[in-house]
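Enquirer: Before I ask anything, here is the structure I am working with.
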Amino acid sequence: MRFAHFSDIHLGFQKSRPLQDVEQDVFERALDDCIRRSVDFILICGDTFHANIPEMRVQKFAFAALRRVHEAGIPVYVIYGSHDFSPSATSVIDLLVETGYITNVQRLASNDDGTMSLGFVTDEKTGAKLAGISGLGASKDITYYEKLDRGPLEAEQGLRIFMLHGAISEMRTADDAAQAADAAMPLSYMPRNFDYYAGGHMHRYNRGKFDDYPHVVYPGTLFAGFHSDLEENARGATRGYVLAEFDDTGITDVRQIEIKNCEYDMVRVNATHKTSHAVNEEIGQKLAGAEPADKVVILSVSGRMSEGKTTDVDFAAISDSLQKKGAVEVKISRRQLSSAEYEITESKGETAEEIAVNSFGENIGQVDSGVAELTGRRGVELAKRLLDILGRPALENEPLNVYQERITGEAMAALELDGEQK
Ligand SMILES: [Mn+2]
């Protein structure tokens with residue numbers, strides 16, 4: 001028997017048409033691969049979609065692909081992630097649950113004594129027992145773990161799988177922490193002695209073995225859900241899903257199944273002690289021999305120039321010329337480019353996500369509030385979540401007043417405020 005484990009697919013993340021096509025293609029090929037291998041079931045551990053209401057184009061191909069899986073007789077078990085959950089509005093996940101193409105695994109109930117109980121969903125064909133807790137954004141799900149009554153979960157017999165969407169301290173590398181700077185929880189928050197811990201939220205493939213926690217696995221994103229994921233792809237990161245084999249004795253094999261996405265070209269230029277003119281020249285030379293057709297090109301320029309302004313490096317022209325040569329997409333990373341002649345002080349960070357977190361972190365000390373949610377690390381997470389919500393675009397044909405009301409509702413829910421949403 002075998003199951004496939006996915007997470008952080010982030011359908012709808014890509015903004016340009018060529019990368020949207022790759023995103024769709026990768027998703028469809030991955031699910032078709034599962035059908036071809038006759039997996040017994042599929043797990044998706046959160047952030048299946050990049051937003052709770054993705055655009056119709058995304059919903060259409062996702063529904064079609066999941067219908068094929070359903071018709072092949074393969075159940076799909078999911079939890080929400082921090083991106084596709086909404087406390088105030090219906091999520092596309094709820095629509096897919098209604099069609100019967102997927103099952104939401106979370107069976108969480110509050111007890112009178114303040115603890116919380118978690119129930120199992122049993123996979124009919126294999127008898128595997130699944131329990132899971134969704135990611136709620138701003139690491140709010142951690143409060144569920146703190147109240148979780150783990151005894152009955154640990155006493156359950158049979159093959160047990162625990163699905164989660166969150167960072168586990170023991171598994172997190174410094175790079176992970178920089179990429180998604182939210183709170184991590186200790187492994188001991190999970191019920192012990194499950195056969196397999198199916199993780200989501202961390203975008204890099206990672207597996208660990210610990211006492212009482214034999215298989216803790218993060219498949220990572222399928223393609224990209226952060227801009228930095230594309231750069232990691234260009235540096236050679238293998239993306240795909242995890243295939244786990246099991247029998248009556250437990251898990252017998254765990255391995256990553258690679259799903260190729262697209263071709264990349266990574267061009268790095270060290271600008272240290274060079275003039276802006278020399279940097280332009282060097283970029284030109286390095287790109288002259290490049291064959292960017294049908295590739296995603298990542299141009300990374302870093303270092304402190306001796307002369308000229310960072311704006312003298314003509315990234316727009318470079319990007320144009322690469323696109324004329326047929327590049328699928330040109331991503332320019334210049335966060336670590338500076339000049340001795342013109343210093344600009346900015347919040348540090350490589351990605352928009354990091355910059356936001358760092359800026360909030362540097363400024364949150366000025367918030368004079370007795371409310372714990374608005375200060376410290378929790379305040380930073382809440383601010384990041386609000387920024388994410390407020391940056392969401394209107395849906396196609398969505399009237400302005402409906403859009404405003406929806407976004408206001410989402411923001412109020414994130415702040416845990418009731419009241420007139422007008
Ligand atoms: Mn994610």
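The values are calculated or read from the model by the stated rules, or taken from the named source; none is laboratory data. Because the structure is predicted, anything quoted here is derived from the model rather than measured. FYI the Cβ positions are ideal-geometry reconstructions off the backbone, even for glycines, and counts take in every protein chain you see.
Enquirer: Among the residues of the range 383-410, how many are touching an Asp or Glu at 6+ places or on another chain (Cβ under 8 Å) and within 13 Å of E353 (Cα to Cα)?
Expert: 1
Enquirer: Restricting to the range 257-301, name every residue that is over 23 Å from V328 (Cα atoms) and touching a helix residue (DSSP H, G or I) at 6+ places or on another chain (Cβ under 6 Å). Steps first, answer last, please.
Expert: As a first pass, look at the range 257-301 and keep what is over 23 Å from V328 (Cα atoms): 257, 270-279, 281.
Of everything in the range 257-301, those that are over 23 Å from V328 (Cα atoms) and touching a helix residue (DSSP H, G or I) at 6+ places or on another chain (Cβ under 6 Å) turn out to be A271, S276.
Enquirer: Still on this structure, please answer the following. Of everything in the range 68-82, what is within 16 Å of the ligand (Cβ to nearest atom) and among the hydroxyl-bearing types (S, T, Y)? Give them in sequence order.
Expert: Step one: list which residues in the range 68-82 are within 16 Å of the ligand (Cβ to nearest atom), which gives 78-82.
Of everything in the range 68-82, those that are within 16 Å of the ligand (Cβ to nearest atom) and among the hydroxyl-bearing types (S, T, Y) turn out to be Y80, S82.
Enquirer: Where residues in the range 317-334 are part of a helix (DSSP H, G or I) and among the charged types (D, E, K, R), which of them is farthest from V269 (Cα to Cα)?
Expert: First, the residues of the range 317-334 that are part of a helix (DSSP H, G or I): 317-324.
From the residues that got through so far, the ones that are among the charged types (D, E, K, R) too are 320, 324.
Values: D320: 18, K324: 21 Å.
This residue is K324.
Enquirer: Might you check whether a residue that is in the same structural domain as L108 (by TED's automatic domain parsing), charged (D, E, K, R) and within 15 Å of the ligand (Cβ to nearest atom) occurs anywhere in the range 19-41? Steps first, answer last, please.
Expert: Kept after step one, since they are in the same structural domain as L108 (by TED's automatic domain parsing), are these residues of the range 19-41: 19-41.
Right, trim to charged (D, E, K, R) and you get 21, 23, 25, 28-29, 32-33, 36-37, 40.
Now narrow it down to the ones that are within 15 Å of the ligand (Cβ to nearest atom): 23.
Yes, the range 19-41 contains a residue that is in the same structural domain as L108 (by TED's automatic domain parsing), charged (D, E, K, R) and within 15 Å of the ligand (Cβ to nearest atom).
Enquirer: Please verify whether the range 217-224 includes one or more residues that are more than 16 Å from Y196 (Cβ to Cβ), among the β-branched types (V, I, T) and buried (at least 20 other Cβ atoms within 10 Å of the Cβ).
Expert: yes
Enquirer: Right, next: If we scan the range 233-250, do we find a residue that is over 30 Å from I161 (Cα atoms), surrounded by 17 or more Cβ atoms within 10 Å (Cβ to Cβ) and either in the same structural domain as V217 (by TED's automatic domain parsing) or charged (D, E, K, R) (or both)?
Expert: yes
Enquirer: Test of understanding: among G100, G73, G46, which residue is at positive phi, of a type outside the set (A, V, I, L, M) and either surrounded by 23 or more Cβ atoms within 10 Å (Cβ to Cβ) or touching a Phe, Trp or Tyr at 6+ places or on another chain (Cβ under 7 Å) (or both)? Even if it seems obvious, please write down each step before you answer.
Expert: Working: G100 fails: either surrounded by 23 or more Cβ atoms within 10 Å (Cβ to Cβ) or touching a Phe, Trp or Tyr at 6+ places or on another chain (Cβ under 7 Å) (or both); G73 fails: either surrounded by 23 or more Cβ atoms within 10 Å (Cβ to Cβ) or touching a Phe, Trp or Tyr at 6+ places or on another chain (Cβ under 7 Å) (or both).
Only one candidate qualifies: G46.
Enquirer: What are the residues in the range 1-18 that are more than 16 Å from the ligand (Cβ to nearest atom) and buried (at least 24 other Cβ atoms within 10 Å of the Cβ), if any?
Expert: If the condition is that a residue be more than 16 Å from the ligand (Cβ to nearest atom) and buried (at least 24 other Cβ atoms within 10 Å of the Cβ), then F3, A4 are the ones that fit.
Enquirer: For the range 251-265, give me each residue that is over 20 Å from E23 (Cα atoms) and of a type outside the set (D, E, K, R). Steps first, please.
Expert: Residues of the range 251-265 over 20 Å from E23 (Cα atoms): 251-255.
Hits for the range 251-265 are I251, T252, V254.
Enquirer: Go through the range 214-245 and report how many residues are more than 16 Å from the ligand (Cβ to nearest atom) and either part of a loop (DSSP other than H, G, I, E, B) or of a type in the set (K, R) (or both).
Expert: 3
A quick yes/no check of all residues on (1) basic (K, R); (2) more than 21 Å from R160 (Cβ to Cβ); (3) away from the ligand (no atom under 16 Å from the Cβ):
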residue: D84; (1), (2), (3): no, yes, no
residue: Y101; (1), (2), (3): no, yes, yes
residue: V105; (1), (2), (3): no, no, yes
residue: D112; (1), (2), (3): no, yes, yes
residue: V121; (1), (2), (3): no, no, yes
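Enquirer: Checking A181 against (1) within 16 Å of the ligand (Cβ to nearest atom); (2) at pLDDT 90 or above; (3) aliphatic (A, V, I, L, M); (4) buried (at least 20 other Cβ atoms within 10 Å of the Cβ): exactly one of these is not met. Which one?
Expert: Against the list (1) within 16 Å of the ligand (Cβ to nearest atom); (2) at pLDDT 90 or above; (3) aliphatic (A, V, I, L, M); (4) buried (at least 20 other Cβ atoms within 10 Å of the Cβ), A181 comes up short only on (2).
Enquirer: With in contact with a Leu (Cβ under 9 Å, 6 or more places away or on another chain) and surrounded by fewer than 23 Cβ atoms within 10 Å (Cβ to Cβ) as the only criterion, which of S228, S169 stands out? Walk me through how you get there before you give the answer.
Expert: On the way: S228 fails: in contact with a Leu (Cβ under 9 Å, 6 or more places away or on another chain).
After applying the criteria, what remains is S169.
Enquirer: Among the residues of the range 351-364, is there at least one that is crowded, with 16+ Cβ neighbours inside 10 Å, closer than 21 Å to E231 by Cα and at pLDDT 85 or above?
Expert: Filtering the range 351-364 for residues crowded, with 16+ Cβ neighbours inside 10 Å gives 351, 353-354, 356-361, 364.
Checking which are closer than 21 Å to E231 by Cα leaves us with 351, 353-354, 356-358.
Of the ones still in play, those that are also at pLDDT 85 or above are none.
For the range 351-364, residues crowded, with 16+ Cβ neighbours inside 10 Å, closer than 21 Å to E231 by Cα and at pLDDT 85 or above: absent.
Enquirer: Identify the single condition in (1) at pLDDT below 95; (2) away from the ligand (no atom under 16 Å from the Cβ); (3) within 21 Å of G81 (Cβ to Cβ) that A51 does not satisfy, given that it satisfies every other one.
Expert: (2)
Enquirer: When you scan the range 138-150, do you find a residue that is modelled with pLDDT of 95 or more, within 21 Å of the chain's Cα centre (by Cα), within 16 Å of the ligand (Cβ to nearest atom) and of a type in the set (A, V, I, L, M, F, W, C), even just one?
Expert: no
Enquirer: Residues being outside any strand (DSSP E or B) and either modelled with pLDDT of 90 or more or buried (at least 20 other Cβ atoms within 10 Å of the Cβ) (or both): count how many of those fall in the range 295-309. Let's see the steps before the verdict.
Expert: Filtering the range 295-309 down to residues outside any strand (DSSP E or B) leaves 306, 308-309.
Going one step further and asking which of them are either modelled with pLDDT of 90 or more or buried (at least 20 other Cβ atoms within 10 Å of the Cβ) (or both), we end up with 306, 308.
Qualifying residue count, the range 295-309: 2.
Enquirer: Ok, one more. Go through (1) in a helix (DSSP H, G or I); (2) within 16 Å of the ligand (Cβ to nearest atom) one by one and return the number of the condition Q59 breaks.
Expert: The single condition Q59 does not satisfy is (2).
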